[in-house]
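Everything on this sheet refers to the single structure shown next.
The values are calculated or read from the model by the stated rules, or taken from the named source; none is laboratory data. It should be emphasised that the depicted structure is a prediction, and the values quoted were computed from it without experimental measurement. Here the Cβ is made from the backbone with ideal geometry for all residues, glycine too, and neighbour counts use every protein chain on show.
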Amino acid sequence: MENINDKKMIGMSINKTTHKTKNKQTEVSKMSILSISSIPLVMTLGNSMLIPVLPSIEKKLNISSFQVSMIITVYSILAILLIPVAGYLSDHIGRKKVIIPSLIISGIGGSIAGIAAWLMKDSYWVILIGRALQGIGAAGAFPIVLPLVGDMFKDEEEVSSTLGVIETANTFGKVLSPILGAILAGFIWFIPFMAIPVFCLLSVILILVFVKVPTSSKKPLPFKEFIAHTKEIIHKDKKWLYAIFFIGTIVMFVLFAEMFYLSDVLEKKYHIKNIKKGFFLAIPLGALCITSFITGRKIKQDQMLMKWITFSGIIAIIIGTVALSFHDSLWYVIGFLTLSGIGIGASLPPLDALITEGIEKEERGTITSMYSSMRFIGVAAGPPLMAILIKHASHTQFYILSGITVLAALAAFFRLKHDSEKAS
């Protein structure tokens, strides 16, 4: 009897230890996801937070509207150019070895811009240098998150779910940016610049403490072989890869074009500014944020489901965009922009999951960085092209946007089909 009782006690002790270990692993996993999610949040805040402050910067520095727009543009151009380089480096020297220095560079850039705005009279060109450094840092931060998630989690359901959280953090940054930027600038106009290094430092600490990346047993290929191998992958999978690149670009282009339109309408037609304007902008972006989170949870590893959710999301974007051409009353516009936001929120996590899970670990950083570059092109092109359309094609801009989005729907319907069936 004593032996039986002893065995039971030992069994119970083992079960308790196993349960504690699992709980500890779950906590670490949650903290890892939280830490990784801080990167897109910080990068989004670092750029979008300045958008509501641009009119104040223009007045304080006594510069033209074109010059002030360069504070956003120089950041985007450098990020677009350097994202593929960062992806290549992350495949060869490691994800954290690229992400952490990039966050530090971004923080230094924010510090330079903030100190120049504070202490210098003619600070415009120094601010641009600081913003250029931020763009360099951004290239090696958020784009490396997608392959990092693929490296950390072996289970495809966990990868899809985490990518949904990442997109949610990215979108939450867009929701929070106009409100936070307006609040900080309400104290002193250059404080949004000063906030960037603080956010970057917090993210660096989280990554260092909680993110553990598994080491690869494979040695990286020499540069020439790597380029040839990458071309081979792109050629082999070009049907669905090109489709994802194209869809990602169009979706981000439409998002930023429509947010620019809403910002313009709120200020010029309805005279809504500052924090109140930020809250109105947050309504469609909040819907996008919630939809991204739910979609990431639902898609799991079902690639056929990913295809149809992407296609359905794009259809919702088209409906919401076409409807904007019929009326411009405030709540009508916000209502259909919210529908469009839901479509965008539904389509982004499946695209992230398809490209992350469909590429081998050794090439994942480079390919997903190309995808991030394409998305960044959409981000950079949306506002200026919408400004041109509002000025020269004010009655047809939404039909033009919808026509472009129809092409993305066709790409999702025809080009994602082959890969999904093959994967199934």
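What the table shows:
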{"quantity": "In region 240-257, residue surrounded by the fewest Cβ atoms within 10 Å (Cβ to Cβ) [restricted to those that are under 15 Å from the mean Cα position of the chain (by Cα) and aromatic (F, W, Y)]", "calculated": "F256"}
{"quantity": "Pair list, Cβ under 8 Å, 6 or more apart: region 118-137 residue assigned to a helix (DSSP H, G or I), other residue aromatic (F, W, Y)", "calculated": "W118/F190; I127/F193; G130/F193; R131/Y75; A132/Y75; Q134/Y75; G135/Y75"}
{"quantity": "Residue, farthest from Y270 (Cα to Cα), within region 325-341, restricted to residues that are aliphatic (A, V, I, L, M) and surrounded by fewer than 22 Cβ atoms within 10 Å (Cβ to Cβ)", "calculated": "L339"}
{"quantity": "Subset of region 120-155 (residues that are over 20 Å from the mean Cα position of the chain (by Cα) and more than 26 Å from A380 (Cβ to Cβ))", "calculated": "M120, K121, D122, K154, D155"}
{"quantity": "Number of positions in region 156-185 that are out of contact with any Ser or Thr (no Cβ under 8 Å at 6 or more places or on another chain), in contact (Cβ under 8 Å) with a residue 24 or more places away in the chain and over 23 Å from G107 (Cβ atoms)", "calculated": "5"}
{"quantity": "Residue, modelled with the highest pLDDT, within region 274-284, restricted to residues that are closer than 13 Å to P52 by Cβ and of a type outside the set (S, T, N, Q)", "calculated": "F280"}
{"quantity": "Region 66-95: number of residues that are touching a Ser or Thr at 6+ places or on another chain (Cβ under 7 Å) and either among the aliphatic types (A, V, I, L, M) or without any contact (Cβ under 8 Å) to a residue 12 or more places away in the chain (or both)", "calculated": "3"}
{"quantity": "Single condition L103 does not satisfy, out of (1) farther than 22 Å from Y371 by Cα; (2) modelled with pLDDT of 90 or more", "calculated": "(1)"}
{"quantity": "Selection from region 286-302 of residues that are farther than 17 Å from G248 by Cα and in contact with a Ser or Thr (Cβ under 7 Å, 6 or more places away or on another chain)", "calculated": "A287, F293, R297, I299, K300, Q301"}
{"quantity": "Selection within region 358-391 - closer than 24 Å to V85 by Cβ, charged (D, E, K, R) and not in a loop (DSSP other than H, G, I, E, B)", "calculated": "K361, E362, E363, R364, R375"}
{"quantity": "Checklist (1) in contact with an Asp or Glu (Cβ under 9 Å, 6 or more places away or on another chain); (2) at pLDDT below 90 applied to T168, failing item", "calculated": "(1)"}
{"quantity": "Checklist (1) at pLDDT 75 or above; (2) part of a helix (DSSP H, G or I) applied to D6, failing item", "calculated": "(1)"}
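Matching residues to (1) modelled with pLDDT under 90; (2) under 21 Å from the mean Cα position of the chain (by Cα); (3) in a loop (DSSP other than H, G, I, E, B); (4) basic (K, R):
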site: M259; (1), (2), (3), (4): yes, yes, no, no
site: I272; (1), (2), (3), (4): yes, no, yes, no
site: S292; (1), (2), (3), (4): yes, yes, no, no
site: I309; (1), (2), (3), (4): no, yes, no, no
site: I317; (1), (2), (3), (4): no, yes, no, no
site: T321; (1), (2), (3), (4): no, no, no, no
site: G341; (1), (2), (3), (4): no, yes, no, no
